[in-house]
1. For each pair in Lys171/Lys210; Lys212/Lys291; Lys163/Lys294, compute the distance between the two Cα atoms and list the pairs where it is over 24 Å.
2. Would you mind putting 190-196, 134-140 in packing order, based on average other-beta-carbon counts within 10 Å, highest first?
3. Placing +1 at every Lys and Arg Cβ and -1 at every Asp and Glu Cβ, with all other atoms neutral, what dipole size does the stretch 124-216 have around its Cα centre, in debye to the nearest 20?
4. Cα gyration tensor of the stretch 151-265, axes a ≥ b ≥ c as square roots of the eigenvalues: rounded (a/c below 1.5), prolate (a/b > b/c) or oblate?
Amino acid sequence: MKTLVIAEKPSVARDLAHVLRPGTRKSPDRLEAEDMVFTWALGHLLSLEDAEGYDPRYRVWRLEDLPIIPAEMKYSVYTVLSEDVERGDMFRSTQRQRQEEGFQVLFPPAQDPNKKESTDQLPSLHEGERVTIVQYDVHEGVTKPPVRYTEAALLGAMERAGKKIDDPALKDAMKTAGLGTAATRAAIIERLITVGYVKREKKQLVPTDKGKTLVTLVPDLLTQVTLTAQWEDGLRAVEEGRAAVQEFRQAIHGFTRDVVEQARSAPVNEFAVLDEEALYPCPLCASPLQKFSKGYRCTKQKDTQCAFILWTTIASKTLTPRQVQTLLTKGRTGTIRGFKSKAGKSFQAALVLENGTVRFDFDQESATAKKVPRKRKAPSTVTKKAGTKR
């Protein structure tokens, strides 16, 4: 017969197993040795009994009754009811029922008058039991996109990266890890901004077209925090003697080789479409334009019927969305500063779109730069009064 040890959470169970029975076999829901099994509850099954559990007169105790120190501590058990309904999707209802009100008889919890409290209790159901659906309601709602990260919020999300992992073992492995370390997380964010994957807009961090393209090209596993969790779990297994260092290293090397080979064999498409929405008409054939990582192209380019392309970076100057809109809709922009020649000299000019080709217009720039002649001051005159001597 094996001894069962129930811990509060997986990390506590691992610590107990590491001390009491090193080298235990790990399973998704337990750690097993020859004579002991370590598992966890992921929550409190017991709580300390309230004062009236020791003496009914303490249900309404007085100040002179304090301190209440029982000779032997008692525990109260909570009843947790749950039901799972699987019809293509899994629906789970969980309810925690308190058997005794305890001190809440005197100090009931504050209730929000605007919030309707449900008094319905889940029935005790058993596997195979047939039930009758009396009524159901379907409520239609609209979800909102998550707010964009600020640098402070992203640093916190990197530190608590394992919060949204469903696997309990991987989630516990990320509790003390996170993405990066306290010393490197800020540098990671700055690196993403430097290479152009993310840009700052006021206090928010916004992904660029280059960053969006990267996410669509790399394997899905590289974009998931579960990869870091798996590596952290593997490192912990090596630390606890449940896995060999060489095995973990070979797994990392194999994964890296697979990713590199996949990147080499994947066709490089610099025209990867980032926005399928028809933003503007093509100036040559009036077909919709599509936005890609480096500019805009005609949708008929796939059929080699139209070769129009508008690059959003011209002479080392990246055009703003408003400048692109003006160029495509009016055929001409105002004077734009910040262009650089091949010799590295800065210049300013207007852009003109003619027959699907963009050219510089220096006439507008020179016209505005002409100097306006200054008005000459009228010569000053001195009026001489009669009878005055020079």
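Here, each number is a calculation from the coordinates, and none is a lab measurement. Note that the structure is predicted; figures quoted are calculated from it, not measured. Glycine also receives a Cβ, built like all others from the backbone with ideal geometry; neighbour counts cover every protein chain displayed.
1. Those over the limit are Lys171/Lys210; Lys163/Lys294.
2. Those peptides, ordered most packed to least, come out 190-196, 134-140.
3. The calculation lands at about 700 debye.
4. It is oblate, given that a/c is not under 1.5 and a/b is not larger than b/c.
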